[in-house]
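Novice: Pasting in a structure now, in structure tokens, and then I'll have a few things to ask.
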């Protein structure tokens with residue numbers, strides 16, 4: 001028997017908190033509805049959000065009770081503040097430095113692997129993800145558009161210099177040998193809570209070419225998705241005959257406009273997400289369930305052949 005509601009829980013093997021909001025188990029009708037959707041569509045654009053990464057232990061921002069906003073007073077970093085203020089960059093990089101070893105070791109879960117299976121049977125035209133964690137890459141997916149960028153690449157704000165986040169981590173370790181990796185909660189973008197004293201001692205990374213500020217290749221709040229990337233997504237929507245949303249509330253406009261385009265072009269739209277989304281009144285199919293409770297059973301190769 002399934003319990004009526006399943007709260008976020010602690011994985012007793014790893015002792016890792018899994019930030020999954022309360023949800024009902026799917027019923028047989030949910031499976032049949034989504035299986036029919038997958039069977040009749042062979043050019044599906046998949047749009048993923050933070051709700052699929054929560055199952056790997058990365059919290060989202062907005063989930064009721066377990067999202068970052070519900071558990072703390074933390075607000076995500078604003079682009080203009082990062083660009084203008086050295087102290088903001090110091091605080092960001094200090095927290096990101098300490099959290100990186102854990103964030104970079106997070107592994108894809110059954111949902112990421114199921115999406116890879118859908119690719120293998122030729123169902124997927126592209127994966128557009130709002131996540132910066134590269135878990136789709138780790139799962140082996142191919143045609144991925146990182147709508148909001150990635151935390152795995154760092155760029156200079158003043159010149160073309162860029163470096164991988166792993167390479168930068170080694171430089172940060174050399175420059176900050178006394179920083180301790182002690183923290184209780186990782187955040188969606190990979191940073192953690194530190195004391196003011198820890199932040200003040202941290203040596204902020206600078207570009208080795210021009211001494212300019214370094215920034216992860218992430219679209220911070222208040223910044224815009226590059227026009228070229230927006231057009232690439234638009235082209236992929238047009239090349240698809242359906243859009244399948246997984247684990248996203250579609251709150252931010254950069255993702256919601258994908259659904260608006262799909263509606264304009266008469267694409268079938270299906271949403272699998274715990275809780276309401278901004279596009280519930282637009283979608284042809286809306287299933288309120290955890291992706292990992294549904295997708296693995298749907299996406300085995302025999303069921304979709």
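The values are calculated or read from the model by the stated rules, or taken from the named source; none is laboratory data. Owing to the predicted nature of the structure, the values given are computational and were not obtained by experimental measurement. Cβ: placed from backbone, ideal geometry, glycine included. Neighbour counts: every protein chain shown.
Novice: Within region 12-88, which helices (runs of 4 or more DSSP H) (wholly inside it) include 1 or more residues that are in contact with a strand residue (DSSP E or B) (Cβ under 6 Å, 6 or more places away or on another chain) and either at pLDDT 95 or above or over 30 Å from residue 199 (Cα atoms) (or both)?
Specialist: Filter on region 12-88 gives 28-40, 50-53.
Novice: Going through region 107-123 one residue at a time, which ones are out of contact with any helix residue (DSSP H, G or I) (no Cβ under 6 Å at 6 or more places or on another chain) and not in a loop (DSSP other than H, G, I, E, B)?
Specialist: 115, 117, 118, 119, 120
Novice: Could you list, in sequence order, the residues of region 230-241 that are surrounded by 18 or more Cβ atoms within 10 Å (Cβ to Cβ) and either touching a helix residue (DSSP H, G or I) at 6+ places or on another chain (Cβ under 7 Å) or over 24 Å from residue 35 (Cβ atoms) (or both)? Steps first, please.
Specialist: Taking region 230-241 first, the residues surrounded by 18 or more Cβ atoms within 10 Å (Cβ to Cβ) are 233, 236-237, 240.
Within region 230-241, 233, 237 meet the criteria.
Novice: For residue 200, all conditions in the list (1) in contact with a helix residue (DSSP H, G or I) (Cβ under 9 Å, 6 or more places away or on another chain); (2) surrounded by 14 or more Cβ atoms within 10 Å (Cβ to Cβ) hold save one; what is the number of the exception?
Specialist: (2)
Novice: Residue check, residue 143 against (1) over 20 Å from residue 96 (Cα atoms); (2) touching a strand residue (DSSP E or B) at 6+ places or on another chain (Cβ under 9 Å); (3) buried (at least 17 other Cβ atoms within 10 Å of the Cβ), all met but one. Which one?
Specialist: Just one mismatch for residue 143, condition (3).
Novice: How many residues does region 248-266 contain that are in contact with a helix residue (DSSP H, G or I) (Cβ under 7 Å, 6 or more places away or on another chain), buried (at least 16 other Cβ atoms within 10 Å of the Cβ) and assigned to a loop (DSSP other than H, G, I, E, B)?
Specialist: 2
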